[in-house]
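A short write-up of the structure that comes next.
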Amino acid sequence: MGKIFAEKTPSPYQGMQPSPKRFRDKKRPGSGASTLASYTYLANNGKLDTLTYGNGLQEKYYYDNLDRVSEIWYNTGEGGAMELRYSYTRIHYGK
């Protein structure tokens with residue numbers, strides 16, 4: 001019986017390990033020296049409270065009693081005015 005040779009093809013991902021430094025600061029992602037976005041979280045349940053983009057615009061998140069997103073308000077940048085971007089209302093059927 002002859003010898004069987006298997007040639008191992010190197011993986012294109014070999015040596016590419018995620019850097020722990022890259023994921024260390026989840027609250028302040030950035031590109032170089034500029035901040036792309038920052039996040040604040042609610043103290044009582046850890047849910048996202050506000051998302052602030054690098055240009056200063058914000059999104060404010062509101063939750064229902066089951067901790068589901070019920071509304072998202074967006075800062076338009078005009079004098080701090082906020083407008084409703086998303087709204088969810090559960091419709092109760094039956095009784």
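As for segment 59-71, it holds no residue that is surrounded by fewer than 11 Cβ atoms within 10 Å (Cβ to Cβ), over 23 Å from residue 90 (Cα atoms) and modelled with pLDDT under 95. If you go through segment 59-68 and keep only what is assigned to a strand (DSSP E or B) and over 14 Å from the mean Cα position of the chain (by Cα), you end up with 62, 63. Among the residues of segment 40-69, those identified as of a type in the set (Ser, Thr, Tyr) and in contact with a Lys or Arg (Cβ under 9 Å, 6 or more places away or on another chain) are 40, 41, 50, 61, 63. When you scan segment 1-16, do you find a residue that is among the hydrophobic types (A, V, I, L, M, F, W, C) and modelled with pLDDT of 80 or more, even just one? No, segment 1-16 contains no residue that is among the hydrophobic types (A, V, I, L, M, F, W, C) and modelled with pLDDT of 80 or more.
The values are calculated or read from the model by the stated rules, or taken from the named source; none is laboratory data. A quick note: this is a predicted structure, and the numbers were derived from the prediction, not measured. Using ideal geometry, Cβ is built from the backbone for each residue, glycine included, and neighbour counts are taken over all protein chains shown.
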